[in-house]
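Below is one structure, written out as structure tokens; the observations come after it.
Read the figures in this text as sums done on the coordinates, not as results from a lab. The structure displayed is predicted, hence computed values, not measured ones.
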Amino acid sequence: MEASSEISGGTLRKYTEVASVCQAESAMSATETPSQMQLARPKRADARRNYEKVLAAAREAFAEGGESTALEEIARRAGVGIGTLYRHFPNRQALLEALYVNEVEAVCRSAGERDYADPWDALNGWFERLIAYLATKRALVHELLNYLDQDAALFQDCRASLFAAGEPLLKRAQDAGAVRPDVEFSDVMHMVIGIAKIPVSDPAQIDHILRVALDGLRFRTQA
């Protein structure tokens with residue numbers, strides 16, 4: 001697959017690197033940062049702070065306002081000038097792509113942070129983290145589809161990232177005898193994504209449905 005390289009301002013990153021980064025992270029402690037991640041962000045401390053402030057403000061603003069969110073409003077929330085925002089993200093698409101990848105990387109990192117937990121608790125906790133991410137990214141994905149098609153490298157490689165991060169958690173739980181052996185990671189992902197799309201008035205309902213569904217993965221000896 002040919003990689004697209006521009007994600008943000010002065011930062012170049014190949015989408016095809018994302019899966020390998022997340023896979024590496026799943027074997028690292030929470031305090032370690034892979035070199036690929038360091039290269040993907042501004043090196044100067046002040047520029048890096050502004051970059052992260054813009055992403056944090058964009059995450060909050062898009063969650064509240066969706067496609068109606070203006071870049072000027074994001075800059076205001078971040079406490080930076082609009083020129084600073086454009087230095088890091090030359091257009092709206094670049095900001096959306098960087099935010100999407102940043103969110104996926106956060107979910108991937110959370111898998112590595114569960115390495116030493118009980119295998120079942122680690123798997124269950126990661127899927128809870130994943131479904132929280134899925135519930136909040138809908139508006140972001142909807143707007144990205146104005147610029148990219150569903151088979152774009154960005155989406156394909158982020159999906160690969162999630163598989164690379166989560167699949168070892170399932171295997172570890174199966175090896176420990178906590179999860180039935182006839183389940184593939186793709187099966188669970190389809191189930192969790194479907195649950196995330198259920199229209200509910202109370203987010204707690206989604207959490208309850210997820211717990212019921214995940215309980216069905218548990219290994220049980222035949223009576």
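Computed values, structure above
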| read-out | value |
| --- | --- |
| Extent along principal axes [Cα atoms of the stretch 44-97; Å; largest to smallest] | 31, 17, 17 |
| Distance histogram for the stretch 119-223 (every C-alpha pair counted, 10 angstrom bins, percent rounded to whole numbers) | 13, 43, 31, 12, 2, 0 |
| The stretch 58-173: relative contact order in percent, alpha carbon pairs under 8 Å with at least 6 residues between | 36 |
| The stretch 92-158 shape via C-alpha gyration tensor axes, a/c threshold 1.5 | prolate |
